[in-house]
1. Condition check: in a strand (DSSP E or B) and not assigned by TED's automatic domain parsing to the domain that holds G135. Does N53 satisfy that?
2. Across the stretch 12-59, what is the total count of residues that are without any contact (Cβ under 8 Å) to a residue 40 or more places away in the chain and among the acidic types (D, E)?
3. Could you tell me which residue of the stretch 62-107 is surrounded by the most Cβ atoms within 10 Å (Cβ to Cβ), considering only residues that are over 17 Å from the mean Cα position of the chain (by Cα) and acidic (D, E)?
4. With the checklist (1) in a helix (DSSP H, G or I); (2) in contact with a His (Cβ under 8 Å, 6 or more places away or on another chain) in hand, flag the one item G158 doesn't pass.
5. Here is a list: E7, E21. Which entry is closer than 24 Å to R160 by Cα, under 19 Å from the mean Cα position of the chain (by Cα) and assigned to a loop (DSSP other than H, G, I, E, B)?
6. Scan the stretch 165-178 and report the pairs whose first residue is part of a loop (DSSP other than H, G, I, E, B) and whose second residue is among the hydroxyl-bearing types (S, T, Y) and modelled with pLDDT of 95 or more, with Cβ atoms within less than 7 Å and a gap of 6+ or a chain change.
7. Looking only at helices (runs of 4 or more DSSP H) that fall completely inside the stretch 56-134, which ones have 1 or more residues that are within 27 Å of P164 (Cα to Cα) and among the small types (G, A, S)?
8. In the stretch 164-181, what count of residues is obtained for those that are surrounded by 14 or more Cβ atoms within 10 Å (Cβ to Cβ) and either in contact with a Leu (Cβ under 7 Å, 6 or more places away or on another chain) or among the hydrophobic types (A, V, I, L, M, F, W, C) (or both)?
Amino acid sequence: MNTLAEENYLKSIYHLSLNAESVSTNQLAALLSTSAASVTDMLKKLADKQLINYARYQGVSLTPAGEKIALHIIRKHRLWEFFLVEKLDFKWDEVHEMAEEMEHISSTELIDRLDKFMGYPKYDPHGDPIPDSKGNFKVHELKPVSMVAVNECGIISGVRDHSPAFLQYLEKQQLTIGKKIQVAEIIEYDHSMILQAGNNRIHISREVANNLLIAV
């Protein structure tokens, strides 16, 4: 049985490794808001359990066993987010912290029944793929709105920034998952963008465009 802290480390290593072959101690310390010394201590424990590959000053990566645990935690987190939004009517900016607690429930049978009860959803409320019971998941090709050309259309299908402030902003602008948008104009001065969403024209900053993902 792994501790809550160990599970959080494995999940964090997985997320960071999506953009790099190996993850540094400093990256983990920053993400988890802890000291590099504390990270090093935990990495040694995880390496002893053969859940990570770790060599001092060379970064860290998950072993197959570690990745399996990480994906199971992510599966639980995203299923709970889906449940909270779809069945209990929470907003998409309210569910992350609750799911952070619920992802550590150990019962596999409960999670499998939850998955079945909801019809085996493929994506969570933020557009992130939900792994199945074997850790497999379907990834759709997404790109940030900032890389979309004028007159190009797409469906909002994900976000890079999961913070409540960003999600609340998108909700206010009615730029939510499933909404079809078209890039109407790119402002040369600051590379901000004007989007056409139905009858609405919405001006977004470059930062928002970088964090809003669409399927084209």
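1. Here the answer is yes, as N53 does meet what is asked.
2. 2
3. E86
4. Tallying (1) in a helix (DSSP H, G or I); (2) in contact with a His (Cβ under 8 Å, 6 or more places away or on another chain), G158 fails exactly one: (1).
5. The conditions single out E21.
6. I177/S157
7. Numbers: elements: 64-86, 96-102, 108-117.
Hits in the stretch 56-134: 64-86, 96-102.
8. Total meeting the criteria: 7.
The values are calculated or read from the model by the stated rules, or taken from the named source; none is laboratory data. Treat the numbers as computed from the prediction; the structure is a model and nothing was measured. Note that we place each Cβ from the backbone using ideal geometry, even for glycine, and neighbour counts take in every protein chain shown.
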